[in-house]
Amino acid sequence: MATVAPEIHEAGPPAEPETDVVGLSPRQLFWARFKQDKAAVAGLVIIIVLIVLALAAPLIAKLVGHGPNDLFQREMTDSFGVPKGPNADFWFGADQAGRDVFVRAIYGARTSLIVGLVATGIAVFFGTIVGILAGYFGGKIDTAISRTIDVVLSMPILLFAIGIVAACGTTGCLNGLIEPGLTLVIFVIALFSWPYIARIVRGNTLSIREKEFIEASRSLGAGNTRIMFREVLPNLVAPIVVYSTLLIPTNILFEAALSFLGLGVPQRTPSWGGMLSDATQYFRFAWWLMFFPGIFLILTTLSFNLLGDGLRDALDPRSNR
């Protein structure tokens, strides 16, 4: 009688446990990519610290007992008028007038951040509108706007800025609408900054307006205004944010250059550029006058640049970083 051999089953690899796939929102994906860039995170931390110092500048001045324009010439300059260096009461030393360099440096952070952020905000607002109009409508509108951008970009910006500040620095301009001082500096910087944003926005709009979802919106009866600001603009947020973070340090350096030339904010308003200008006569034997405002200026511009690079990589899904 024939016997049937039992079937032998080969043992396979153990089945992997089923895992639930968790979907991430765009914000979570952005943060997961951004926090991998340690340099960008460090830049963000430095910017936050600078903002906190700028906001707390009056409180810090009260704590140390030195205002930004308080003079301690007898205590902090020698018989030859040379300022004295850092000590327990004056952490960053004093300048040639006996003013606290540390207090003036943190007040200078307030000035630089206000100029950089406000001037960039005005430039981004105007440049975005102009760029969308040029890229969306094309034709004569695009030609007129593009040639205007080319003319502004071809100007010797620093020379024109010096001329405008010198002409409006006493009585203001536009029937007093633009007053001398911080308002005038912000206006001048924004006046020459918007073409960069406009050119970026125009180029991206030319590409976006040919997409299928734009044609779908138009076929459903959406008007040009709705398409530009409800369909095109949301897709421009990423490049606008990235380029804005790269434009802020440029505008801060622009303000510092004007203040260094004596054409920026008033003398009584602390500014890193003004402090560097005051230090030119004393930096050989009073190193702290140029070192500390220079460090603040370098850290600020570097931090914004690092943040901009990190935002660009985090917002670009094609990036390998």
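Nothing in this text is a laboratory measurement; each read-out follows from the coordinates by a stated rule. All figures in this text were calculated on a predicted structure; none of them were measured in a lab. Note that we place each Cβ from the backbone using ideal geometry, even for glycine, and neighbour counts take in every protein chain shown.
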**Message:** Quick check on packing: order 294-306, 33-45 by the mean number of other C-beta atoms within 10 Å, highest mean leading.
**Reply:** 294-306, 33-45
**Complete:** Taking r as the C-beta separation of residue 295 and residue 27 and R0 as 51 Å, the FRET efficiency to the nearest 0.05 is 0.90
**Request:** Could you calculate the contour length gain from residue 213 to residue 41, that is, 0.36 nm times the residue separation minus the distance between their Cα atoms, to one decimal place in nm?
**Result:** 58.4 nm
**Request:** Tell me which residues come under 5 Å, amide H to amide H, from residue 178 once H is placed; ignore anything under 5 positions away on its chain.
**Result:** 173
**Prompt:** What are the ³J(HN,Hα) values, in whole Hz, obtained from phi via the Karplus relation 6.51 cos²θ - 1.76 cosθ + 1.60 with θ = phi - 60°, for each residue of the range 142-147 in sequence order, with x given for Gly and Pro?
**Reply:** 4, 4, 5, 5, 5, 5
**Request:** Using the Karplus curve 6.51 cos²θ - 1.76 cosθ + 1.60 with θ = phi - 60°, work out ³J(HN,Hα) for each residue of the range 261-266 in order, rounded to whole Hz, and write x for Gly and Pro.
**Result:** 7, x, 10, x, 6, x
**Item:** Extension gain, residue 140 back to residue 71 (0.36 nm per residue minus Cα-Cα distance, nm)
**Value:** 18.9 nm
**Request:** Would you work out if the range 163-321 is rounded, prolate or oblate? Take a ≥ b ≥ c from the square roots of the eigenvalues of the alpha-carbon gyration tensor; rounded if a/c is under 1.5, else prolate when a/b is larger than b/c, oblate otherwise.
**Result:** oblate
**Prompt:** Residue by residue, what Karplus-based ³J(HN,Hα) values in Hz, rounded to whole numbers, does the range 94-105 have, using 6.51, -1.76 and 1.60 with θ = phi - 60° and x for Gly and Pro?
**Reply:** 10, 8, 5, 9, x, 8, 6, 5, 5, 5, 5, 5
**Prompt:** Magnitude of the Cβ-charge dipole of the chain, K/R +1 and D/E -1, about the Cα centre, nearest 20 debye?
**Reply:** 960 debye
**Fill in**
The answer for residue 89, listing residues at least 5 apart or on another chain whose modeled amide H is closer than 5 Å to its amide H, is none
**Fill in**
Sorted on mean Cβ neighbours within 10 Å (highest first), peptides 215-223, 87-95, 283-291 come out as 87-95, 283-291, 215-223
**Request:** Just need the relative contact order of the chain here, percent rounded to a whole number, with Cα pairs under 8 Å and 6+ apart.
**Result:** 25 percent
**Prompt:** Mind checking which of 155, 76, 228 has the largest fluctuation in a GNM of the chain, springs on alpha carbons under 10 Å?
**Reply:** 155
**Complete:** In the neighbourhood of residue 149 defined by beta carbon distances under 10 Å, the net charge of the other residues (Lys, Arg +1; Asp, Glu -1) is +2
**Asked** Candidates (1) 59, 53, 35; (2) 86, 48, 39; (3) 125, 63, 30; which is the computed Cα extents along the principal axes in Å?
**Response** (3)
**Amide hydrogen neighbours beyond the local backbone of residue 192, cut-off 5 Å, H modeled** = none
